[in-house]
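Novice: Input: one structure, supplied below.
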Amino acid sequence: MKTLRKLTITALALSTLALSPVQAAPAGDIVVVASGAGSFNTLVAAVKAAGLVETLQGTGPFTVFAPTDEAFAKLPSGTVESLLKPENKEKLVAILTYHVVAGKVMAADVKTMQAKTVNGKDLDIKVTEGTVTVNNAKVIKTDIAASNGVIHVIDTVVLPK
């Protein structure tokens, strides 16, 4: 009888595990996740040109407000090409680090506030009726997990003041 009871309890425990959702580990660091997403090609190219790959592959954690390729396309013609030139590396680094906040901030934790970016300047984050904006950019997708932080997708490149 004890054996039958143990088998029943074991079977119930295993079936519960089988039905429980398993949280998959993030696919990689911020750079790997962004590279694999398919919608951040310009951002990844800019991160490489700025020499920030190693930084964004570091321990973190980081919260990255990542502009899509379409967001970069909204910039005036020739802006991206100009920023990718070696002589503009310092300016590119300043812009990219303005999209990064130290720490891992999930969407559920976001509130209206000013957030200090990695470049030292503040981002204005506003929550209005469930919509989050970062300066003039709208957050269009949230909580893309990476092993060293999280990515929130924005529809506009934000520029330091």
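Novice: Each label point is 7 Å from the Cα along the Cα-to-Cβ direction; what then is the distance between the points at VAL53 and ASN119, in nm?
Specialist: 2.2
Novice: Provide the packing ranking of 127-140, 40-53, i.e. peptides ordered by the mean count of other C-beta atoms within 10 Å per residue, highest first.
Specialist: The packing order, highest mean first, is 40-53, 127-140.
Novice: Tell me, how many Å apart are the Cα centres for the range 42-68 and for the range 135-161?
Specialist: Cα centres, the range 42-68 to the range 135-161: 12 Å.
Novice: How high is the relative contact order of the range 20-161, in percent, with contacts defined as C-alpha pairs under 8 Å that are six or more residues apart?
Specialist: 30
Novice: OK, next. Roughly what % of DSSP beta bridges within the range 26-154 run antiparallel, to the nearest 5?
Specialist: Taking every DSSP beta bridge with both residues in the range 26-154, the antiparallel ones total about 75 percent.
Novice: Local charge sum around VAL132 (other residues, Cβ-Cβ under 12 Å, Lys/Arg +1, Asp/Glu -1)?
Specialist: -1
Novice: Report the gain in length on full extension from THR142 to LYS104: 0.36 nm times residue separation, minus Cα-Cα distance, nm rounded to one decimal.
Specialist: 12.5 nm is the gain from fully extending THR142 to LYS104.
Novice: So for the pair THR79, ALA94, with labels modelled 7 Å out along Cα→Cβ, what separation do we get in nm?
Specialist: Placing both labels 7 Å beyond Cα along the Cβ direction yields 1.5 nm.
Throughout, read-outs are computed from the coordinates displayed, never taken from laboratory work. As the structure is a prediction and not an experimental result, all values here were calculated from the model. Here Cβ is always computed from backbone atoms with ideal geometry, including for glycine, and neighbour counts include all displayed protein chains.
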